1. If I filter the stretch 1-23 down to residues being open to solvent by 60 Å² or more (accessible area, probe 1.4 Å) and of a type outside the set (A, V, I, L, M, F, W, C), which single residue comes out as farthest from ASP252 (Cα to Cα)?
2. Before we move on, is ILE59 part of a strand (DSSP E or B), farther than 18 Å from TYR74 by Cβ and open to solvent by 50 Å² or more (accessible area, probe 1.4 Å)?
3. Only one of (1) touching a residue at least 60 places away in the same chain (Cβ under 8 Å); (2) open to solvent by less than 50 Å² (accessible area, probe 1.4 Å) is not met by THR293, so which one is it?
4. So in the stretch 589-612, with the set limited to residues that are part of a strand (DSSP E or B) and not small (Gly, Ala, Ser), which one is farthest from ASP641 (Cα to Cα)?
5. Kindly indicate whether ALA211 is more than 18 Å from ASN8 (Cβ to Cβ) and at pLDDT below 95.
6. Out of the stretch 574-603, which residues are aliphatic (A, V, I, L, M) and under 30 Å from the mean Cα position of the chain (by Cα)?
7. In the stretch 613-640, what count of residues is obtained for those that are open to solvent by 50 Å² or more (accessible area, probe 1.4 Å), part of a loop (DSSP other than H, G, I, E, B) and without any contact (Cβ under 8 Å) to a residue 40 or more places away in the chain?
8. Got a number for residues in the stretch 140-164 being over 24 Å from the mean Cα position of the chain (by Cα) and in a loop (DSSP other than H, G, I, E, B)?
Amino acid sequence: NGVLIIGNYQDERVEPSVFDGNEPYFATAGAARSGSTDNYFIAASNSPGGFEVNYNFAIGYFPIADGWICGGAYNSTNGGPITEFVGDPMITLTNFFDPDEPLYEYAFVDFGTGVFEIRYKDLDMRRDGVLLACGGKNEDNFTQVHVNAFGNGRLNNHDNGSNGNTSEQDPTAFVFVPAGTEGVTMGRITGTAQTIWGQGDYDVEMVGQPATNGTFRLTIEDEGPTTGTLIVSPYTEFSGATIDNPVFVVPDGDGWLITSRDIAGMGLQDLGSAHCAFHFAFFPDDVNIVPGTPPRDYLAKMNDVVSARFEVIEIAPDNGNGDCKVTKVFGSDNLDVVGENRADYAVKWLDARAKAYIDYSLDEADGVWIGNPTEFVRDNTPTGGSVGWATLGWDNGEAHTHAAIPTGGENNVNFAVAIIPAGSGFQQRADVQVTSGPTQAVPLDLYTADEGVMIAMNWDNNINYVVARPNSNEYIIEAYDGATGVPVTDWDYGYAWFPYDTANLVAGQINEFGNVINGTDNFTVGSSVDSVYGFPVTTIAIPGVDAATDGILAVVSNNHATPMSWEAGPGGVFEVAGFDPLTQNAGQVDFSFVYIPYDSDLTGRPRFDFDSDQDVDGDDFGILFDCMAGPNDSTPPVGCDPENFDRADSDNDEDVDLVDAAFFMAALPLQ
C-alpha cells in the first residue's frame, strides 16, 4: 500500500550493552518487509561493522493511493535481479541488462549492479523536488540518492561496511517529494552548505569551517525537532568524496546537526565544494501532507540570456571548504553560486548545476558561458595569496580564475558571467578542443566579421586565455598562456556570436585608441586612466545603465594577445583594459564587447527571418522579393523595410538581387 523511508536520527552512540565499555558507534538502517505480514521493521546495522545495534531513526510512510511517486524494489534471490516493484502504478520495472527488455518513459530500471534509475516523463528531479531513499532489506545496506544530468533519479545501494565506490544488488525503497507539496520544507545541499534547489524558509550553514568540514546545521523558520520529522538522505556523485558516505542527524536546540562521514573510520568527510552532500525533507506534525504538482516555471526561461556578478573574498589561500566566500552581488535570480573553492566557482542555472558538472561530456548541453574578471588587479597578499591581473576560463560547470603573472597559479578574483542558452538562437559552440596549433578559424553563418561581435573564452581549468580576430566572414581564435603570453597548441575554447541586427543589443568593436570600429549605435566610448594604477583604459557609456550595478560586459581582445578585464568606473561607465603577460603592462587594446543585462531580452535571429517569427520560410522569401523589386541602388523599394533591406543584402553590395536570393536559398535548408 505504500513505502516506508528511514532516515538516521543520531550521530555517534555509546551503549555498553553493544560495545564493551564506552566505545562510540554509528549505524544505518533500511525498511524491511516482515515476511508475508503487513508489517515493516527497521533493520539497524553498525557501520562499518555490519552487526545489529540499537539506534535512533526518523521514519516516513508514503501511501501509493495518495499519489506519491514512490516504490519498493525487491529481488527473490540474494544479489539477483529485481523481480518485484511495489509503488506508483505508472512505473514499470525493467531489467536494463536484458537487451530484449524495452525501455519505458515511466520506469524503475534495474542495471543489475546495485544501481537503479527512476525515469518519470516530464519530471526533472534536479528542479522539481527531492529524492529520498533507504535500503529495503534486513541487511547492512544503506541507499544513496543521485540525480543525473537528464533529471532522472538514481539509487546506489551501498554496503554498510564497504569502502569506495561499491554497490550491492539488493532491495531498496524511494520516494520523490515534488515541489509544490504544501507544508514540506526541503532542499538539495552542497558540500559548502549552499542550496542547489529548495522549498521553504530554511538556513544551512557549515559548522567548524574551515578547520573542520563535514558538519552542517539546519534551521527551519517556525519549526524544529519538536514540531515534525526530518528525513535526510545521503547523496553520491559516483566519484570524489561522496562515493561511500552515510549521513547522520542530531536534534540541536531549534535545529539539527547533519554530519557526512567517510565509511572508512567514520570520520567527518570534507566534501567537494559543489558536490551535492544530501537531500532533506521536513514534514510537520499534524498536517495532512499530500504530494503537490511542480510548477515547472523554469521551462519558460530555458532560452533566456541571463548574467550575474560575483564577489570573491579570500579567507585563506588554500583549496579547502571555507577558505573563500563567493557572493552574488548583482544578477538574475536564475543564476547563483553553489560551490566555493579557491579559483573554482560552481554556478547554478535555474536551480540546477550545469549538466557538465554531472557529466563532463555535456559541456555544450546547456549553452555557452562567457565572462571576465571584474577587477584589474587583485591583491590577496594580506591573506597569503598572490597579486596581479587574472584570467577567467570556464569548464565543467565552473568558472576558473588564475593569476596572469610569471608564477601563475589559481587566484581568487571577482568575476561576472552570462549564459547564452543553447536554445537562445545565437551561433555558439562550447568546449571546442584544439590540438593542432595556436589558432582556429570559426566561420560565420551568413554574416561578415564586421556585422557583429564574437565573444570567445578559454574553456579549461588553466591559465590560458583566447583572442578573437575578425577576418572577413570568419574569426580567428588564438590561445595564449596567461603566465607567459606565449601561444599554446593544445587548448579548448567556447564562443557566442552576436550580430548587430539583434534587437536591443549593445555591442561593438573598439580600437586601441578608444574609437568605435563598428557596432550598434546605443553607446559611446572614450579614454581615461585607472584611478589606482594609472594605466590607460577605454570607457564605455550606455544610456540608462550604471556600470556599478546594472548588467555585465563580456569582453575579448581582437588584435592584441591580452586577457581582458573590466571594472565599474566613475560616472556609471565601464572601464576596459587588457594586460600583456610578456611585458607585465596593462592598457588600452583592440577589443570586442557585448553588454548583457541581468535578465535580458536578447534573442538570436536567423539572418533571413525578416518577419521575426524565429523561422525562415516562404513568408520570408516574399519579403526578400519585395526588397528586390526596386531600383538598382541602395534605396529600399516601396514596401521594403530598411532593416530587412540591410539583412537581405548578404553580399553587402548595397543592392538586393539574385545573388542575395541565392544566399537565401542556400540558407533555407539549414533553418
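The values are calculated or read from the model by the stated rules, or taken from the named source; none is laboratory data. Not measured: the values here are computed from a predicted model. Because the Cβ atoms are built from the backbone with ideal geometry, glycine has one as well, and the counts that use them run over all protein chains shown. Please note that ligands, DNA and RNA were not included when accessible areas were found on the heavy atoms of the full protein model with its side chains. Shrake-Rupley method; radii C 1.70, N 1.55, O 1.52, S 1.80 Å.
1. If we filter the stretch 1-23 for residues that are open to solvent by 60 Å² or more (accessible area, probe 1.4 Å), which is where we start, we get 1, 12, 14, 16-17, 20, 22-23.
With the extra rule that they be of a type outside the set (A, V, I, L, M, F, W, C), the set shrinks to 1, 12, 16-17, 20, 22-23.
Values: ASN1: 34, GLU12: 14, PRO16: 24, SER17: 26, ASP20: 28, ASN22: 22, GLU23: 22 Å.
Looking at the filtered set, the residue picked out is ASN1.
2. Working: part of a strand (DSSP E or B): yes; farther than 18 Å from TYR74 by Cβ: yes; open to solvent by 50 Å² or more (accessible area, probe 1.4 Å): yes.
The answer is yes for ILE59.
3. Single failed check for THR293: (2).
4. At the first step, the residues of the stretch 589-612 found to be part of a strand (DSSP E or B) are 591-596, 599.
Within this subset, residues satisfying the condition of being not small (Gly, Ala, Ser) are 591, 593-596, 599.
Numbers: PHE591: 32, PHE593: 28, VAL594: 26, TYR595: 27, ILE596: 27, ASP599: 29 Å.
My answer is PHE591.
5. Values: more than 18 Å from ASN8 (Cβ to Cβ): yes; at pLDDT below 95: yes.
Criteria met by ALA211.
6. We begin by selecting, within the stretch 574-603, every residue aliphatic (A, V, I, L, M); these are 576-577, 582, 586, 589, 594, 596, 602.
The answer is VAL576, ALA577, VAL594, ILE596, LEU602.
7. Selection size over the stretch 613-640: 9.
8. First, pick out the residues of the stretch 140-164 that are over 24 Å from the mean Cα position of the chain (by Cα): 140-143, 157-164.
With the extra rule that they be in a loop (DSSP other than H, G, I, E, B), the set shrinks to 140, 160-164.
Number of matching residues: 6.
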